[in-house]
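S.K.: Mind having a look at this structure? Questions to follow.
The values are calculated or read from the model by the stated rules, or taken from the named source; none is laboratory data. Quick caveat, the model's predicted, so the values are computed rather than measured. Note: ideal-geometry Cβ built from the backbone for every residue, glycine included; neighbour counts use all protein chains shown.
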Amino acid sequence: MDRARQRLLAARHVYIVCHITPDGDAIGSLLGMGTALQKLGKTCTLACPDPLSAKLAFLPSARQVISDPPTDQDTIVTVDVSDIGRLGSAYVAETFRSRPVINIDHHVTNTRFGSINLIRPLPSTAEVVLGLVRRLGVPLDTDIASALLMGLITDTRCFRTGNVTTRQLRTAIALMNAGAPLADLTEHLFNCEPLSTVRLWGQALAAVQTRDGVIWAEISQEMMRRSAATPSDADGLSSFLASTAGMDGALVFREQEDGRIEVSMRAGPGHDLSGVAVALGGGGHARAAGCTVDGPMNRARVRVLDAVVNALRGEAAPGRPEAGALGPPGQAGGA
């Protein structure tokens, strides 16, 4: 924490970036970190490789977010990025190697690719950012608090996940006392689904399948076109499937434009799919992980489903790779 604080206090222009196909924790952490540094007088470039959906772009500071890779900024900060493959087009190897990279994250599978790694096993990256904001001495205001509460409630599904403790509730109270509107945030994040999401989920749910305690759905490019959907419209489907009674795991396979398959994984209580995700080139948490594998869909389904079923049966998953240094983008997918 101290090294990150010292680097940011010395920085003049900071490039802050979150992961591809962003969720509320990624965007909330991005906006919260950027707003805090701006209050310290720093010039900040806020970036996300993929466009923000309307569902995530409702906070005023979201208008600052661009998709350009870093250029002449003196410091790079990544938020909620478990490995450099999750940076997509924002990753430029030469640029990342030539300046300090502060890696702020909460994923247990983080590959520690930064020159400074601020990794904490908390329910959300927003909580890690909050700790750094406090260490920087930036007072919480409505903008910072709203962004960070957005991250916290997204990754805890409104405090419903098994890793929520009184600490997260106290954090939420502090953010609300600073002006974060909990009701408004939950309304935007959980009760404002676009019609394209409803249409896409309808197609996927109509063809749901199960095997050995695993339930899964598949989303093809044709389904995306028929629904006029974007990748963010698939968000939340794996968590919804995981709520199915009698299931130990849930998967969503989404065909990307390049033919590769993004896989979102959810595990029931007492199960851990993070090792499977890492072995397949991805990462995440014990109960929420993901990866991106080669297509076509039928081959990806067999490969991933076999690995997941074996893991849930208690068989040893393939070994995890050692945390590596900064290198070329990998195959990580969304958790």
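S.K.: Any residue that is surrounded by 17 or more Cβ atoms within 10 Å (Cβ to Cβ) and free of Cβ contacts under 8 Å to residues at least 24 places away in the same chain - is there at least one of those in the range 188-200?
M.R.: No.
Yes or no, residue by residue, for (1) within 21 Å of Ser239 (Cβ to Cβ); (2) surrounded by fewer than 24 Cβ atoms within 10 Å (Cβ to Cβ):
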position	(1), (2)
Ser146	no, no
Thr165	yes, yes
Ile173	no, yes
Gly179	no, yes
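S.K.: Just to be sure, is Ser115 in contact with a strand residue (DSSP E or B) (Cβ under 8 Å, 6 or more places away or on another chain) and within 26 Å of Gly85 (Cα to Cα)?
M.R.: Criteria met by Ser115.
S.K.: For the subset of the range 286-300 comprising residues that are farther than 17 Å from Thr21 by Cα, of a type outside the set (D, E, K, R) and not in a helix (DSSP H, G or I), which member is farthest from the chain's Cα centre (by Cα)? Let's see the steps before the verdict.
M.R.: If we filter the range 286-300 for residues that are farther than 17 Å from Thr21 by Cα, which is where we start, we get 286-287, 294-300.
Narrowing further to those that are of a type outside the set (D, E, K, R): 286, 295-298, 300.
Okay, now just the ones that are also not in a helix (DSSP H, G or I), so 286, 295-296.
Values: Ala286: 14, Gly295: 22, Pro296: 25 Å.
Top of the filtered list is Pro296.
S.K.: Looking only at the range 3-20, decide whether some residue is modelled with pLDDT under 95 and among the β-branched types (Val, Ile, Thr).
M.R.: yes
S.K.: Do we find a residue being basic (Lys, Arg), in contact (Cβ under 8 Å) with a residue 24 or more places away in the chain and assigned to a helix (DSSP H, G or I) anywhere in the range 79-98? Lay out the reasoning, then the answer.
M.R.: Quick first cut of the range 79-98, residues basic (Lys, Arg) only: 86, 97.
Add one more test, that the residue is in contact (Cβ under 8 Å) with a residue 24 or more places away in the chain, and what stays is 86, 97.
Applying the additional criterion that residues be assigned to a helix (DSSP H, G or I) yields 86, 97.
Yes: the range 79-98 contains one or more residues that are basic (Lys, Arg), in contact (Cβ under 8 Å) with a residue 24 or more places away in the chain and assigned to a helix (DSSP H, G or I).
S.K.: Separate question: Could you list all residues from the range 137-165 that are in contact (Cβ under 8 Å) with a residue 12 or more places away in the chain and either within 14 Å of Ser61 (Cα to Cα) or of a type in the set (Lys, Arg) (or both)?
M.R.: Selection gives Asp141, Thr142, Asp143, Ile144, Ala145, Ser146, Ala147, Leu148, Met150, Arg157.
S.K.: Okay, next question. For Val263, are the conditions met, namely being in a strand (DSSP E or B) and either over 13 Å from Ala311 (Cβ atoms) or not basic (Lys, Arg) (or both)?
M.R.: For Val263, the condition - in a strand (DSSP E or B) and either over 13 Å from Ala311 (Cβ atoms) or not basic (Lys, Arg) (or both) - is met.
S.K.: So, one more: So which of Gly28, Gly41 is on the phi > 0 side of the Ramachandran plot and small (Gly, Ala, Ser)?
M.R.: Answer to the check: Gly41.
S.K.: Same structure, new question: Checking the structure you have, find out if any residue of the range 247-255 is of a type in the set (Phe, Trp, Tyr), surrounded by 18 or more Cβ atoms within 10 Å (Cβ to Cβ) and farther than 21 Å from Gly314 by Cα.
M.R.: yes
S.K.: Further, regarding this structure: Here are some residues: Thr111, Thr161, Thr210. Which one is surrounded by 18 or more Cβ atoms within 10 Å (Cβ to Cβ) and either under 24 Å from Glu262 (Cα atoms) or at pLDDT below 95 (or both)?
M.R.: Testing whether each residue is surrounded by 18 or more Cβ atoms within 10 Å (Cβ to Cβ) and either under 24 Å from Glu262 (Cα atoms) or at pLDDT below 95 (or both) leaves just Thr111.
S.K.: A follow-up question, please. Being assigned to a helix (DSSP H, G or I) and charged (D, E, K, R) narrows it down to one of Asp272, Asp233, so name that one.
M.R.: Exactly one of Asp272, Asp233 is assigned to a helix (DSSP H, G or I) and charged (D, E, K, R), namely Asp233.
S.K.: Condition (residue is among the hydroxyl-bearing types (Ser, Thr, Tyr), buried (at least 24 other Cβ atoms within 10 Å of the Cβ), assigned to a loop (DSSP other than H, G, I, E, B) and in the same structural domain as Cys18 (by TED's automatic domain parsing)) applied to the range 52-70: is it met by at least one residue?
M.R.: Scanning the range 52-70 turns up no residue that is among the hydroxyl-bearing types (Ser, Thr, Tyr), buried (at least 24 other Cβ atoms within 10 Å of the Cβ), assigned to a loop (DSSP other than H, G, I, E, B) and in the same structural domain as Cys18 (by TED's automatic domain parsing).
S.K.: Tell me yes or no: at least one residue of the range 86-96 is within 21 Å of Asp155 (Cβ to Cβ), at pLDDT below 95 and not assigned by TED's automatic domain parsing to the domain that holds Thr230.
M.R.: yes
S.K.: Quick one: Pro49 ticks every box in (1) under 21 Å from Arg120 (Cα atoms); (2) surrounded by 19 or more Cβ atoms within 10 Å (Cβ to Cβ) except a single one, so which number is it?
M.R.: (1)
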